[in-house]
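Here the structure is laid out as structure tokens; the discussion comes afterwards.
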Amino acid sequence: MERKTDAAPYEIAKKFCVAGKITEIITYGGGHINATYLVTTSQKRYILQRINTYVFPDVDGLMRNVCGVASYLRGRGIETLCFVPTRAGEPYLKGRECWRMYEYIENAVAYRKSESCEIFQEAGRAFGAFMKHLNDYDVSTLTEVIPDFHNTEKRFSDFQKALSADVCGRARNCISETEFLLARSDTYSLITEGLRTDEIPLRVTHNDTKLSNILIDADTGKTRAVIDFDTVMPGSMLYDFGEAIRFGASTALEDERDLSKVHFSMEMFRAYATGFCQEIKECVVRRETHLFAYSAYLMTAETALRFLTDYLSGDMYYATDYPEHNLVRTRTQIRLASEMEGQEKQMQEIIEEILS
Ligand code: ADP
Ligand code: GN1
Ligand code: MG
């Protein structure tokens, strides 16, 4: 399926219940999935998003999930995403393209990189609290919008298929990256296995805990809101922990070309773990505790598999700015995963120390 092109966002924005007259619309944010715009009116600001229906074909299920989670959190007095309905009273605009609108959360920052240990520790606390708040959320009401989202074994098998198909003739450009990921095929199953045997509890998790999916108050440095609920689904706490470390415990951006700048930071790992564990220490089980360090490696290797699969398949999934973008992203993930491999013991000691 082709990615769809933009319809005029101005015409779309007018169809939502915005206050005042629309004065400006600009593209916004650094998300890889949806097309995001900042809409300014004479009275307020809003976020307008074209939902990526290649990634989320079941938009009704997706919107039921995100609206359900947002109203649950709001009901508990937590600042969260606030959806703006269409003028026809619908939660989103359904058509050849699907669009939704949120109120813009003012004076808050979505960091693309951890700028300090304090910020990253705060992110850990916020994602830990998010999971804790959703502890009693009825899992059976959630649609699994992307089945097997963090099933790393399945991600590996998708990668193998893309490699054999090699539809763009790109396999020859990524031989060492491919070798790295194939050589680790026996390391991908510990979390899926734990979930299968019930040693790891299934929880309501965010599943996309990048630092840029939290809005942090520009003045106080405290969390305003966790955002991007598109992947809130049943999952493992370890997905949320590992994914956050993958992104935020790196010394460089996810698409840094100069690999000499890309390192795993143990200091950042400790900061995030301190914040996260403070929130989850009452509910974490033994097997989860043992796999915290591994989960950071696993989510990083899984993301490398996903970026490389997309590179081999012709960049259908992630937004890219240039032809090698997904390959560049793969390389940073491989660099981080290999550094984590050598430091797993030290990472695990930090977790034991924090949780003791
Ligand atoms: P994607 O799924 O593409 O990652 P997100 O929902 O994460 O899309 O939004 C992309 C970016 O837009 C975020 O990283 C953040 O910078 C900004 N953003 C999204 N929602 C809001 C909001 N309600 N208020 C302020 N900024 C927002
Ligand atoms: C995507 O939507 P965004 O940019 O927050 C992706 C994550 C990846 C991440 C890599 C629905 O996150 O799973 O880890 O890119 N989201 C989806 O940066 O696939
Ligand atoms: Mg996002």
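The values are calculated or read from the model by the stated rules, or taken from the named source; none is laboratory data. Please read these numbers as outputs of a predicted model, since none were measured by experiment. All Cβ positions, even for glycine, are placed from backbone atoms using ideal geometry, and neighbour counts span all protein chains on display.
Selection over the stretch 326-339 of residues that are within 18 Å of the chain's Cα centre (by Cα) and farther than 16 Å from His263 by Cα gives a count of 1. Search the stretch 249-267 for residues being of a type in the set (D, E, K, R) and in a loop (DSSP other than H, G, I, E, B), and hand back the single one that is farthest from the chain's Cα centre (by Cα). The qualifying residue farthest from the chain's Cα centre (by Cα) is Asp258.
Taking the listed residues Ile51, Ile26, the one that is crowded, with 18+ Cβ neighbours inside 10 Å and closer than 30 Å to Asn326 by Cβ is Ile51, with no other qualifying. None of Ala304, Ala296, Ala252, Ala337 is away from ligand 3 (no atom under 16 Å from the Cβ), aliphatic (A, V, I, L, M) and under 25 Å from His133 (Cα atoms) except Ala296. None of Ser212, Ser164, Ser176 is assigned to a helix (DSSP H, G or I) and within 16 Å of ligand 2 (Cβ to nearest atom) except Ser212. All of Glu339, Glu302 fail the test of being acidic (Asp, Glu) and closer than 22 Å to Thr192 by Cα, apart from Glu302. The stretch 278-356 holds helices (runs of 4 or more DSSP H) entirely within its bounds, and those carrying 3 or more residues that are modelled with pLDDT of 95 or more and of a type in the set (Lys, Arg) map to 325-342.
Residue count for the stretch 35-52 under the criterion of being under 16 Å from Leu215 (Cβ atoms) and touching a residue at least 24 places away in the same chain (Cβ under 8 Å): the result is 5. The set of residues from the stretch 53-70 being part of a loop (DSSP other than H, G, I, E, B) and touching a residue at least 60 places away in the same chain (Cβ under 8 Å) comprises Tyr54, Val55, Phe56, Asp58.
Pull up the stretch 222-244, narrow it to residues that are away from ligand 3 (no atom under 13 Å from the Cβ) and over 15 Å from Leu291 (Cα atoms), then point me to the one that is surrounded by the fewest Cβ atoms within 10 Å (Cβ to Cβ). For the stretch 222-244, the residue satisfying everything is Lys222. The residues in the stretch 111-145 that are away from ligand 3 (no atom under 16 Å from the Cβ) and not in a loop (DSSP other than H, G, I, E, B) can be counted, and the count is 16.
Listed conditions (1) hydroxyl-bearing (Ser, Thr, Tyr); (2) closer than 23 Å to Tyr294 by Cβ; (3) in contact with a Gly (Cβ under 7 Å, 6 or more places away or on another chain) are all met by Ser212, apart from (2). Taken across the stretch 36-44, residues that are within 16 Å of ligand 1 (Cβ to nearest atom), within 30 Å of Met268 (Cα to Cα), within 20 Å of the chain's Cα centre (by Cα) and not in a loop (DSSP other than H, G, I, E, B) do occur, with at least one present. Scanning the stretch 92-103 for residues that are surrounded by 18 or more Cβ atoms within 10 Å (Cβ to Cβ) and within 9 Å of ligand 1 (Cβ to nearest atom) returns a single hit, Tyr102.
For the stretch 215-241, taking the residues that are charged (D, E, K, R) and assigned to a loop (DSSP other than H, G, I, E, B), the one that is farthest from ligand 2 (Cβ to nearest atom) is identified as Asp219.
Residues are listed down the side, and each one gets a yes or a no for (1) under 23 Å from Arg329 (Cβ atoms); (2) in contact (Cβ under 8 Å) with a residue 24 or more places away in the chain; (3) not charged (D, E, K, R):
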| position | (1), (2), (3) |
| --- | --- |
| Arg172 | yes, no, no |
| Phe180 | yes, yes, yes |
| Arg184 | yes, yes, no |
| Tyr188 | yes, yes, yes |
| Arg196 | no, no, no |
| Leu215 | no, yes, yes |
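So, in the stretch 131-161, of the ones that are touching an Asp or Glu at 6+ places or on another chain (Cβ under 8 Å) and in contact (Cβ under 8 Å) with a residue 60 or more places away in the chain, which residue ends up farthest from Tyr311 (Cα to Cα)?
Step one: list which residues in the stretch 131-161 are touching an Asp or Glu at 6+ places or on another chain (Cβ under 8 Å), which gives 131-132, 143, 145, 150, 152, 154-155.
Imposing the further condition that a residue be in contact (Cβ under 8 Å) with a residue 60 or more places away in the chain reduces the set to 131-132, 143, 145, 150, 152, 155.
On the way: Met131: 32, Lys132: 36, Thr143: 28, Val145: 23, His150: 19, Thr152: 18, Arg155: 14 Å.
Checking each candidate, the answer is Lys132.
If you go through the stretch 245-266 and keep only what is without any contact (Cβ under 8 Å) to a residue 60 or more places away in the chain and aromatic (Phe, Trp, Tyr), you end up with just Phe247. Taking the stretch 169-221, which residues are within 18 Å of Tyr111 (Cα to Cα), exposed (fewer than 13 other Cβ atoms within 10 Å of the Cβ) and of a type in the set (D, E, K, R)? Asp219, the sole residue that qualifies. Pick from Ala162, Ala108: which is more than 16 Å from ligand 3 (Cβ to nearest atom) and under 24 Å from Thr231 (Cβ atoms)? The conditions single out Ala162.
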